[in-house]
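Chemist: Handing you this structure, nothing more for now.
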Amino acid sequence: MNRNYIYLTLLMLILAFGTLMIKKTNEPKQIEPQQLLFELIQPTRYVSTDQVAKMIIQNDPSLELIDVRNSKEFEIFSLPKAINVPIDSLISKNSLLNFGIPGTKVVFISNDDIAADQVWILTKRLGFKSTYVMKGGLNQWIETIIDPKSPVESDPALAFETYAFRKGAQLYFTGAKTENAEPAKVKVEVQRKKKSGGAAGGC
Amino acid sequence: MEIHESNPWKTLLALSVFVVILIVGFFTMRTPLLTYKLDMKQSIEEMKNTDACFYPWQLNGVITNETKNIVLFDLRNNFVFGQGHIPGAENLSAQDLTKEESIERLEDLKNGNFIVVLYGEDQLQANGPWMLFRQVGFDNVKVLLGGYQYYLLHKDNLLATKTDSIFQKGVPKYNFAEMAAPKNGASVNSTPAKKTVEVTRRKKSGGAAGGC
Amino acid sequence: MNNQHSISNEPKYINPYLGGVLLGLLVLITVFITGRGLGASGAIKSSVVTTAQIITPEKASANNYMNKLISDDHSPMYTWLVFESLGIFLGGLLSGVIFGRVKKFRVEHSPKITSKTRLIFALIGGALFGIGSQFGRGCTSGAALSGTATFALGGVIVMFSIFGTGYAVAYLFRKLWI
Amino acid sequence: MGPLIPNGIISGNWDFVIAILLGIAFGFILEASGFSSSRNITGVFYGYNFVVLRVFFTAVIVAMVGVLYFDYFGWLDLSKIFILPTFLTPMILGGVIMGVGFILGGFCPGTSFAAIAIGKLDAVFFTIGLYGGIYLFSIAFPLFANFYDSGNLGNVTLTDITGISTSWFAMGFTVIALAAFWGTSIIEKRVRKNITEYKF
C-alpha cells in the first residue's frame, strides 16, 4: 500500500475536522447584517390591505396573519384567523414556531405598520423567509376595507374597480348591507415574492 | 487486473491544491463590515428606547444651525430630495446604504461624536435602517418620528408638535371593534363625511405604546 | 495483483481518488458558479418533452407533467442541463481520445451472457432509471451527488435508497456481471 | 460573492457556455475514472471493483467540506444555492426503482452519456431506455400525480431536520467514507482472488 494513501486520509480528516473549528457562533442562525440591510431597503415586503383582504376572502391556505399588538388589543379586535404574537414574547420557541413553515406567507399586522415592520426585521435577522408587512396596519384596514371612501368621478377607472372590490370586502368582513349589493369581482394582483436570487431546478 | 492507476500522488497533488486555495481563502478573508452588537432580546429593548428617537421639535435647532453635532440624513432618493427636504439635511438614498462608503461615513460620524438622524418619506422608510444600525452598534443613530410628511405639515410651528401625538406611531386611530362590528340594516356608506384620511390631528390619546 | 489479463501498455484509468477529488472540486465549482449542482437525467426529460411537442403538440401541452417545461419563447431543449449533458458527451469523447479508448461500437458484458441479453437488460435498466429519476427528482449525479454535497435531505435519501436497493438485489442479477 | 450567476456577477448569458464547460469537465472525469464501463460500475455491488464508491464518496466529502469552507470565507452564500426539495415517499420509491435499474442497466444517466462517446453500444441502449422510461412516466403521470407530490418537506437540509450542524455531518461523512475506503480495499483484494474470468 502506497504511503500517500495515509497522507490523503490524514489530510481529508484534518480538512473535515477544520469545518468543526470554523463554526461561527452558537447563537441561533442569523443572516449577515449587510444582507439584512440589503433586504430591508427593498420595499418588496409590503402588502396592501387589499391584498390581505383578498387572500382572507379566498381562504388562501398559505396565508398566516400574525398580530404583533399586545393581547389586550388583540382581544378587542383582530382579523379573522390572526395569531397573536406580541413583540415582547417574540423571541420564544413557541412564537418562533409560527414562522418559516414551508409554503406559508406570514403577514405581520399592527395598529400601523411600524411595529409590524420591526417584527419583520427581527424575524428576518433570524433568517425567516416569506414574511410580509401589511402596509398601513389596522388603521389602513379600517380606512380601506371596513370603511372605504368612494372615489371621485375624476379618478381613474382603476380606483372604481378597487372601490368595488373594497365594498365587496366590506360586506364580507362586516356583514353590512350596501347599496350596490352585487358582489364585486375585481382582480387584485396578489404579489407573490419569488425566491430571491436563488438558483432554480436541479437534475 | 488492476486497471486503475494505483499511485495516488496526483490525488495528493489535487487535494493539496485545494488546501492551498482554502489557506489563501483563510488569509484573505475580510472581516464583515457590520456585526451585530445587540442580541435579539437587546434589540427588542432598543426599539423602546426613547433616547433613540428624534422628535420633530428637536429639528428646530438643526434647521437654525444652532446644534452643530447633529447630521440629518434623508433616505429618500435624490429626485425626491431635490424637490424638497428638511433644511440642512444630507441626501443618503436608502439604496446607497449598503455601500461601503456610507457605512464608513457613519463610522466617522460616530467617532466624531455626531448624532445621526435618519428620516424617510414616512417613519416607516427610516425604521428599518435605523433598527439595523442600532443593532450593529451605531448608538448615535436616531430616527425622526413621523418622517418627512409629518415635518412638512408642521414645519411652520414645530414646537407645537410637542403636544401632538400623531407621530407617536403604533396607536390605533379608530375603535376597531366598533368600526368592524356587523352593522345591520343601515349601509355603512351612508354615514356622512367620514373623517378624511389625511393625518387628522387628534389629541394625545393616553400613553402611546412603546417609545417610537 | 496479478496482471495476467491486462496488457501492460494499456492506458490505465486515473486513480479513483483523483477522480473523486476532481469531481468533488467540480461540484464545488458548479455550486459556486451556478448555485446548483450537476445533473444528467433532466436533459433526457427535456428531449422527451421536445419530441412529444413535435409529434403530438396538443397532448404534450395537455400533459400536466410535460407542460411545466413548455414555454412559448424557447424550446424545452434550451435548458442548462441539456447543454451540460452535451458537455458530458464531449468530455467523455475527449478523455476517450486522450487515453485511446474510443473504438467502434461494442458491447461490454459478462462472459456468461450474450450481447443481446446485455442490450435488453440495458434497455430495461435505462427505462427503470428513467422512471425512478422522475420520482427521485434527479439521478445519481443530480440528486445523490449534488444533493448530498449541499446537505439536502432528499439527496441523502436518494443516495441511500439507490445503493441500498442495489446491494439488496445484486445477488439476483449476478450473472449479468460476474 | 458566490453563487456567481444568481448574484449577477457573471451574466446569465454565459449560462450555457458555462454549462458546456462544466459538462466537459464532468464527462472527462467520469470517463477517465472508468465510469464508461458498466462492469467497472457494477463492481461495487459484487465487491470486485469499488471505483464507484471511491469516486462518489471522495467527491461528496470534498464538495461538502469545500462548501462549508467557502461559506465561511464568505465566497458562497448558502441561502442562495439550490437545495433539492425532499419528497419523502416518492424519493424512496424513486431510489428503489433506480437501484434496480442500476443493477440491470449498469449505468446511470451521466455515465451513459460518457460511455456513448467512447462507443459503448449498451450505453446507447441504456439511454434509449432512459428516454422511454421518462416518456412512459410523463404519459402515465396523471395516474400517480398525487403520489408524486406527496410527502413534501420542502427544500430542507439535514440540519433543518436534525438540528445537528452541517460541520458534524461533513465530519461524519468523511470518517465513514475514509473507513469505507480502507475496508473496501481489503474486501476487493479478497474477492478478486476468486474471480478469474474478469477481463476488459
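The values are calculated or read from the model by the stated rules, or taken from the named source; none is laboratory data. Because the structure is a prediction, the values reported are computed rather than measured. Note: ideal-geometry Cβ built from the backbone for every residue, glycine included; neighbour counts use all protein chains shown. The area values use the complete protein model at the heavy-atom level, side chains included, leaving out ligands, DNA and RNA. Shrake-Rupley method; radii C 1.70, N 1.55, O 1.52, S 1.80 Å.
Chemist: How many residues does the stretch B:74-109 contain that are assigned to a helix (DSSP H, G or I), open to solvent by less than 80 Å² (accessible area, probe 1.4 Å) and of a type in the set (A, V, I, L, M, F, W, C)?
Modeler: Residues flagged as assigned to a helix (DSSP H, G or I), open to solvent by less than 80 Å² (accessible area, probe 1.4 Å) and of a type in the set (A, V, I, L, M, F, W, C) within the stretch B:74-109 amount to 6.
Chemist: Further, regarding this structure: Of the numbered conditions (1) open to solvent by 60 Å² or more (accessible area, probe 1.4 Å); (2) facing another protein chain (nearest Cβ under 7 Å); (3) touching a residue at least 60 places away in the same chain (Cβ under 8 Å), D:N152 satisfies every one except a single condition; which is it?
Modeler: So the condition that D:N152 fails would be (2).
Chemist: Starting from residues that are buried (at least 24 other Cβ atoms within 10 Å of the Cβ) and over 14 Å from D:F26 (Cβ atoms), keep the ones in the stretch C:36-56 and report whichever is farthest from the other protein chains (Cβ to nearest Cβ).
Modeler: It comes out as C:V49.
Chemist: Identify all residues within the stretch D:3-44 that are touching a residue at least 12 places away in the same chain (Cβ under 8 Å), at the interface with chain C (Cβ under 7 Å from one of its Cβ atoms) and more than 20 Å from C:V21 (Cβ to Cβ); write none if there are none.
Modeler: D:P3, D:I5, D:P6, D:I18, D:S37, D:S38, D:R39, D:T42 - these are the residues of the stretch D:3-44 that are touching a residue at least 12 places away in the same chain (Cβ under 8 Å), at the interface with chain C (Cβ under 7 Å from one of its Cβ atoms) and more than 20 Å from C:V21 (Cβ to Cβ).
Chemist: Here's a follow-up. Of these, D:I92, D:I103, D:I97, D:I116, which one is open to solvent by 30 Å² or more (accessible area, probe 1.4 Å), within 20 Å of D:V52 (Cα to Cα) and under 16 Å from the mean Cα position of the chain (by Cα)?
Modeler: Matching residue, one of D:I92, D:I103, D:I97, D:I116: D:I97.
Chemist: Tally the residues that are open to solvent by less than 20 Å² (accessible area, probe 1.4 Å), free of Cβ contacts under 8 Å to residues at least 60 places away in the same chain and polar (S, T, N, Q), restricting the search to the stretch B:135-155.
Modeler: Residues flagged as open to solvent by less than 20 Å² (accessible area, probe 1.4 Å), free of Cβ contacts under 8 Å to residues at least 60 places away in the same chain and polar (S, T, N, Q) within the stretch B:135-155 amount to 1.
Chemist: Mind listing whichever residues of the stretch D:159-171 are facing chain C (nearest Cβ under 8 Å) and at pLDDT below 90?
Modeler: D:T159, D:D160, D:I161, D:T166
Chemist: Another question about this same structure. Residues being at the interface with chain C (Cβ under 7 Å from one of its Cβ atoms) and within 12 Å of C:G125 (Cβ to Cβ): count how many of those fall in the stretch D:78-135.
Modeler: 21
Chemist: Answer yes if at least one residue in the stretch D:70-88 is of a type in the set (G, A, S) and surrounded by 24 or more Cβ atoms within 10 Å (Cβ to Cβ), and no otherwise.
Modeler: No: zero hits.
Chemist: Does the stretch B:45-60 include one or more residues that are among the β-branched types (V, I, T) and more than 30 Å from B:N157 (Cβ to Cβ)?
Modeler: no
Chemist: Please go through the stretch C:84-106 and give me each residue that is surrounded by fewer than 18 Cβ atoms within 10 Å (Cβ to Cβ) and either assigned to a loop (DSSP other than H, G, I, E, B) or of a type in the set (S, T, N, Q) (or both), ordered by number.
Modeler: If the condition is that a residue be surrounded by fewer than 18 Cβ atoms within 10 Å (Cβ to Cβ) and either assigned to a loop (DSSP other than H, G, I, E, B) or of a type in the set (S, T, N, Q) (or both), then C:G100, C:V102, C:K103, C:K104, C:F105 are the ones that fit.
Chemist: Name the one entry in A:D113, A:D88 that is acidic (D, E), open to solvent by 20 Å² or more (accessible area, probe 1.4 Å) and more than 21 Å from A:P61 (Cβ to Cβ).
Modeler: A:D88
Yes/no per residue for (1) among the acidic types (D, E); (2) in a helix (DSSP H, G or I); (3) open to solvent by less than 20 Å² (accessible area, probe 1.4 Å):
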| site | (1), (2), (3) |
| --- | --- |
| C:D73 | yes, no, no |
| C:P76 | no, no, yes |
| C:I131 | no, yes, no |
| C:A143 | no, yes, yes |
| C:Y167 | no, yes, no |
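Chemist: Look through the stretch A:146-167, keep the residues that are more than 9 Å from chain B (Cβ to nearest Cβ) and touching a residue at least 24 places away in the same chain (Cβ under 8 Å), and return whichever of them is most open to solvent (accessible area, probe 1.4 Å).
Modeler: Among those residues, the one meeting the criterion is A:E161.
Chemist: Here's another thing I want to ask about it. Within the stretch B:47-73, track down each residue that is part of a helix (DSSP H, G or I) and open to solvent by 40 Å² or more (accessible area, probe 1.4 Å).
Modeler: Passing the criteria: B:T50, B:D51, B:W57, B:Q58, B:N60, B:I63.
Chemist: Let me ask something else about it. Would you say B:F18 is in a strand (DSSP E or B) and open to solvent by less than 10 Å² (accessible area, probe 1.4 Å)?
Modeler: No: the conditions fail for B:F18.
Chemist: Which of the residues belonging to the stretch D:67-83 are assigned to a helix (DSSP H, G or I) and aromatic (F, W, Y)?
Modeler: Hits for the stretch D:67-83 are D:Y69, D:F70, D:Y72, D:F73.
Chemist: Could you say whether any residue in the stretch D:162-174 is β-branched (V, I, T), within 21 Å of the chain's Cα centre (by Cα) and open to solvent by 30 Å² or more (accessible area, probe 1.4 Å)?
Modeler: Scanning the stretch D:162-174 turns up at least one residue that is β-branched (V, I, T), within 21 Å of the chain's Cα centre (by Cα) and open to solvent by 30 Å² or more (accessible area, probe 1.4 Å).
Chemist: Where in the stretch A:49-145 are there helices (runs of 4 or more DSSP H), lying fully within it, with 1 or more residues that are in contact (Cβ under 8 Å) with a residue 60 or more places away in the chain?
Modeler: Those helices (runs of 4 or more DSSP H) span A:49-57, A:114-125, A:137-141.
Chemist: Just one of (1) facing another protein chain (nearest Cβ under 7 Å); (2) open to solvent by 30 Å² or more (accessible area, probe 1.4 Å); (3) hydroxyl-bearing (S, T, Y) trips up C:T150, so point out which.
Modeler: (2)
Chemist: Answer with yes or no whether D:S185 is open to solvent by less than 40 Å² (accessible area, probe 1.4 Å), more than 7 Å from chain C (Cβ to nearest Cβ) and closer than 30 Å to C:F99 by Cα.
Modeler: yes
Chemist: Can you name the residue in the stretch C:169-178 that is touching a residue at least 60 places away in the same chain (Cβ under 8 Å) and surrounded by 14 or more Cβ atoms within 10 Å (Cβ to Cβ) and, of all such residues, is farthest from D:M91 (Cα to Cα)?
Modeler: C:I178
Chemist: If D:N49 passes every condition in (1) of a type outside the set (G, A, S); (2) open to solvent by less than 10 Å² (accessible area, probe 1.4 Å); (3) more than 7 Å from chain C (Cβ to nearest Cβ); (4) under 15 Å from the mean Cα position of the chain (by Cα) but one, which one does it miss?
Modeler: Among (1) of a type outside the set (G, A, S); (2) open to solvent by less than 10 Å² (accessible area, probe 1.4 Å); (3) more than 7 Å from chain C (Cβ to nearest Cβ); (4) under 15 Å from the mean Cα position of the chain (by Cα), the lone unmet condition for D:N49 is (4).
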